[in-house]
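Single-structure report; data block below.
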Amino acid sequence: MTEHDAQPAQRRDQAHADPGEETAPRPAGQETGPDTGDDNGAQVSTGGEAAGVPEAAIPELVIISGMSGAGRSTAAKCLEDLGWFVVDNLPPALIPTMVELGARSQGNVARIAVVVDVRGRRFFDNLRESLADLEAKHVTRRIVFLESSDEALVRRFESVRRPHPLQGDGRIVDGIAAERELLRELRGDADLVIDTSSLNVHELRAKMDAQFAGEEEPELRATVMSFGFKYGLPVDADLVADMRFLPNPHWVPELRPFTGLNEEVAAYVFNQPGAKEFLDRYAELLRLIAAGYRREGKRYVTIAIGCTGGKHRSVAMSEKLAARLAAEGVETVVVHRDMGRE
């Protein structure tokens, strides 16, 4: 975004659960901010107290577990979107270490969510010992357990044609039965049990939001991307608008070398009939769509604005639209995909 245009917009380049959606350990979602956990002032020693360094606050900890295919990854992604530091498939023995590292982060990791399940096989046996260790250190933790009926789980595994992680040479139902037995004690210790048998992805996210988002409305983040139709549509676009109804500055010799970031080009574009009206009405439409996205738990939207080459009209409109969204409180990123390719 140009300095002379609205500065609020920031520019940065950037199922529940499919039973096979889980991935290798992946830390994500580092956010700064106050610890919202109810830890009653609990502290973790970092070894610096003798030198006058204040003790570090214990991060809020949530352990996500449950049946394979019941929505663990969807629940984890929901917390990640809410600003939690999420680690998937962490061996239980490392949970206390993860909490200690969070305590040493000087508030950068105030909330940690860990996905623990039978994929860890023999590591899963260490979970009881890790929970006892956390209790001894006065770490406040919550366990979220995702449950689902056998019928729903079988249907989900069959739909993706993947085996249950514990079925071995047997049937899917054999793996489900074995997993239920392994998780029986943990389910009894859970602070929150969510039955996803009849829930879709959006309903599960809504339940997680209700538990962990407090009274805050889910935040929507928008990427406004300019592009050139001659280079193809952006594959990740949720919404596409075509600026080719406006005269092309390319055919104005004195404007051709510049881009939509140039004041003269932007002025030319928005002096054309329909340009300002489009901006106003499209921004109004996006407010309606954004409200619906929030209700459905969708937190990210990519708005693609195209013209012939992605240099003039789409760039100018993207900048104005991003500024409008940012002024309305939407966290906005501007990306000019094809500018400079000509």
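What net charge is computed for the residues neighbouring L255, neighbours being all others with C-beta under 12 Å from the C-beta of L255, Lys and Arg scored +1, Asp and Glu -1?
Residues near L255 contribute 0 overall.
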Contour minus Cα-Cα span, E203 to N271, at 0.36 nm per residue, comes to 19.9 nm
Starting from 0.36 nm per residue, how many nanometres of slack lie between L182 and K230 once their C-alpha separation is accounted for? 11.7 nm
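Pairs of Cα atoms under 8 Å, at least six residues apart: use those to get the relative contact order of the stretch 272-342, whole percent. Present the calculation step by step, with values, prior to reporting the outcome.
On the way: 35 pairs, mean separation 21.0, N = 71.
After rounding, I find 30 percent.
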Please grab the % of Cα pairs in the stretch 92-250 that end up more than 24 Å from each other. 58 percent
Just to confirm my numbers, what's the Cα centroid distance between the stretch 249-321 and the stretch 126-174 in Å? 47 Å
Within the stretch 270-314, list the residues whose amide N lies under 19 Å from a label point set 7 Å along Cα→Cβ of V252. 270-279, 306-314
Could you look at the stretch 165-243 and say what percent of its accessible area is carbon and sulfur, using a 1.4 Å probe and all protein chains? 46 percent
Report Rg(Cα)/(2.2 N^0.38 Å) for the stretch 139-223, keeping two decimals. 1.34
Any idea what diffusion coefficient the stretch 205-330 gets from Stokes-Einstein, in µm²/s, Kirkwood Rh on alpha carbon pairs, 37 °C, 0.692 mPa s? 210 µm²/s
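Counting Lys and Arg as +1 and Asp and Glu as -1, what is the net charge of the other residues whose Cβ lies under 9 Å from the Cβ of H164?
That sum, taken over residues with Cβ under 9 Å, equals 0.
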Leaving out ligands and nucleic acids, and using a 1.4 Å probe, what accessible area per residue does the stretch 213-342 come to in Å²? 49 Å²
What spacing in nm lies between the two simple spin-label points modelled at L192 and L288, each 7 Å away from Cα in the Cβ direction? 3.4 nm
What's the FRET efficiency of E263 with S159 using the Cβ-Cβ distance as r and R₀ = 51 Å, to the nearest 0.05? 0.40
In nm, what is the difference between 0.36 nm times the number of residues separating L239 and A136 and their Cα-Cα distance? 32.0 nm
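The values are calculated or read from the model by the stated rules, or taken from the named source; none is laboratory data. If you're wondering where the values come from, they're calculated on a predicted model, not measured in any experiment. Ideal geometry is used to build each Cβ from the backbone, glycine not excepted, and the neighbour counts take in all protein chains shown. Note: accessible area is taken over every heavy atom of the protein model, side chains too, but ligands, DNA and RNA are not part of it. Shrake-Rupley method; radii C 1.70, N 1.55, O 1.52, S 1.80 Å.
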